[in-house]
1. Between residue 145 and residue 163, with labels modelled 7 Å along Cα→Cβ, what's the label distance in nm to one decimal, could you check?
2. Which ³J(HN,Hα) values, rounded to whole Hz and listed in residue order, are derived for the stretch 60-65 from phi using the Karplus coefficients 6.51, -1.76 and 1.60 in 6.51 cos²θ - 1.76 cosθ + 1.60 with θ = phi - 60°, glycine and proline given as x?
3. 222 nm [θ] for the chain, helices only, -39500 (n - 2.57) per DSSP H run of 4+, per residue, to 500?
4. From Cα pairs below 8 angstrom and at least 6 apart in sequence, can you work out the relative contact order of the stretch 2-186, rounded to a whole percent?
5. Would you work out which of 81, 157, 57 lies farthest towards the positive end of the dipole of the chain? Charges go on Cβ: Lys and Arg +1, Asp and Glu -1.
6. About the Cα centre, and with charges only on the beta carbon of Lys, Arg (+1) and Asp, Glu (-1), how big is the dipole of the stretch 101-187? Nearest 20 debye, please.
7. I'd like to know how the chain sits against the 2.2 N^0.38 Å rule of thumb: what's its Cα Rg over that expected value?
8. What is the distance, in nm, between label points placed 7 Å from the Cα along the Cα-to-Cβ direction at residue 55 and at residue 176?
Amino acid sequence: MSGLASDIGGLFGGSARKTDRKYQLSAMGGLNNLFNFGMQSGANETGQAQGLLGQAGSYYSSLLSGNRQATLGAVAPTVNAANATTDAAKRGIASSGTARGGGVNATTQTLEDQKRASIDNAVNSAKAGAAGGATQVGGTMASQAANLLGTAEGSASSLASIASSSRQISQQQHMQSAQEIGDLIFG
């Protein structure tokens, strides 16, 4: 009689199999929660990063567009410094009392040429940097997209595998319980 009571007790409670299954389902729930948190956080961070990369890409595109005003805006500190230096030199010439004559005109023209050369150098450097920067931003965005696609594919595959394994384990436990009941009744 004690064997029968033990068999019935094993079927309806106290089974290590049921405890193991409970822990397995709990762990799967925890994994699902972690997945949801990670995906939401990743999506938020990716959105912010794409916004910043978009701004950088727009900046570089405006430099490469050929729009001189946009390019001058990018090198404004250099332009301002060149203008200030030239203006200071012209004020110095004017205040020396020799502001008339061919030598002064030639000196003033040379100052203007130096200013334009300084600005042109800054513009050309900005354009060269923009080409490299645009390439880097594009590469970063492409890499980020590939990583997200890979992560999503891996996560979906893992969850599908876990779900399939869970169903198989559940089916095996059901069949084992049915076998035990059959053995108990007919055995």
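No value in this document is a laboratory result; all are computed from the given coordinates. All values derive from a computational prediction rather than experimental measurement. Here the Cβ positions follow ideal geometry from the backbone for every residue, glycine too, while neighbour counts run over all protein chains shown.
1. Modelled inter-label distance: 2.8 nm.
2. Coupling constants for the stretch 60-65: 5, 4, 5, 5, 7, 5 Hz.
3. -33500 deg cm²/dmol
4. Details: 60 pairs, mean separation 63.6, N = 185.
Reported as a whole number, the value is 34 percent.
5. The residue sitting most towards the positive pole is 81.
6. Values: 4 positive and 6 negative charges, 69 e Å.
For this selection, approximately 320 debye.
7. Values: Rg = 37.6 Å, N = 187, 2.2 N^0.38 = 16.1 Å.
Here the Cα radius of gyration is 2.34 times the empirical estimate.
8. Between residue 55 and residue 176, the simple spin-label model gives 5.8 nm.
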